[in-house]
Amino acid sequence: MKEELANKTSAEELALLERAQKGENAAIEEMLNRYKKQVRGKANTLYLVGADKDDLIQEGMIGLFKAIREFNPEKNESFGAFAQLCITRQMYSAIKASKRKKNQPLNDYVSLYEEEVSFSQNPEESVIDRETTQQLEGMLMERLSKMERQVLSMHTAGYSCQQIAAELCKDPKSIDNALQRLRRKLKTVLAITTRM
């Protein structure tokens, strides 16, 4: 892997990156698949407070997607090295944020859906993060049933499974199943990390 990172980006990979940056879904997925081992490898060396390894991998995949989108062959010789930097930064940002929040009460958390929320000191990164979140949310919503959307909305508003079940006149087990499907669909969306 280190040899791959040090090497100049091949003409074939440059062409694939160019297609990915133009929004070609197949090219984006191919680039994500090529470098997902790099994301997993980095995630195995780190720890995210209050989360599991999959959460860190998802952060790394977002970093990889940003690398695909922002790579400039005139500034960077190796996409592998640039991707490693973006993946690492994204994961460290998540770890830093989790350490700041680990002792905060849950009712102090801020919704990801509020426009004015900024998780970064850099305004450019804030805009990119907000755009990425909106695009991921859009992809997820396309895959959800009406009931799953209702469950997601109520769950993110702080309702328990029992409260959601009572509100929707459903069995609590069906609400739990809907939440499990939501998690699987979210993982799928993050694995392909946006179809833009």
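Want the number for Lys96 to Leu168: 0.36 nm per residue separation, take away the alpha-carbon distance, what's left?
Once the chain is fully extended between Lys96 and Leu168, it gains 22.1 nm.
With r defined as the distance between the Cβ atoms of Ala11 and Leu85 and R0 fixed at 22 Å, what FRET efficiency is calculated, to the nearest 0.05?
0.50
Between Asn33 and Asn72, what length in nm is gained on full extension when 0.36 nm per residue of separation is reduced by their alpha carbon distance?
So the chain would gain 12.0 nm between Asn33 and Asn72.
Label Leu46 and Asn25 with points 7 Å out from Cα along Cα→Cβ: what is the distance between them in nm?
2.9 nm
Once you put a point 7 Å from the Cα of Glu18 and another 7 Å from the Cα of Ser145, both along the Cβ direction, what distance in nm separates them?
4.5 nm
If you count, for each residue, the other Cβ atoms within 10 Å and average over each peptide, how do 65-71, 143-149 line up from highest to lowest?
Highest mean packing first, the order is 65-71, 143-149.
Once phi is turned into θ = phi - 60°, what whole-Hz ³J(HN,Hα) does the Karplus curve with 6.51, -1.76 and 1.60 give for every residue of segment 174-186, x standing for Gly and Pro?
For segment 174-186, the Karplus-derived couplings read 5, 5, 4, 4, 5, 5, 5, 5, 4, 4, 5, 5, 5 Hz, x marking Gly and Pro.
Using the structure shown, list the pairs from Lys96/Lys173; Lys42/Lys173; Lys37/Lys185 with a Cα-Cα distance above 31 Å, or answer none.
Violating the 31 Å limit, Cα to Cα: Lys96/Lys173; Lys42/Lys173.
Bear in mind that the values in this text are calculations on the coordinates, not laboratory data. Since we're looking at a predicted model, the values are computed, not measured. Using ideal geometry, Cβ is built from the backbone for each residue, glycine included, and neighbour counts are taken over all protein chains shown.
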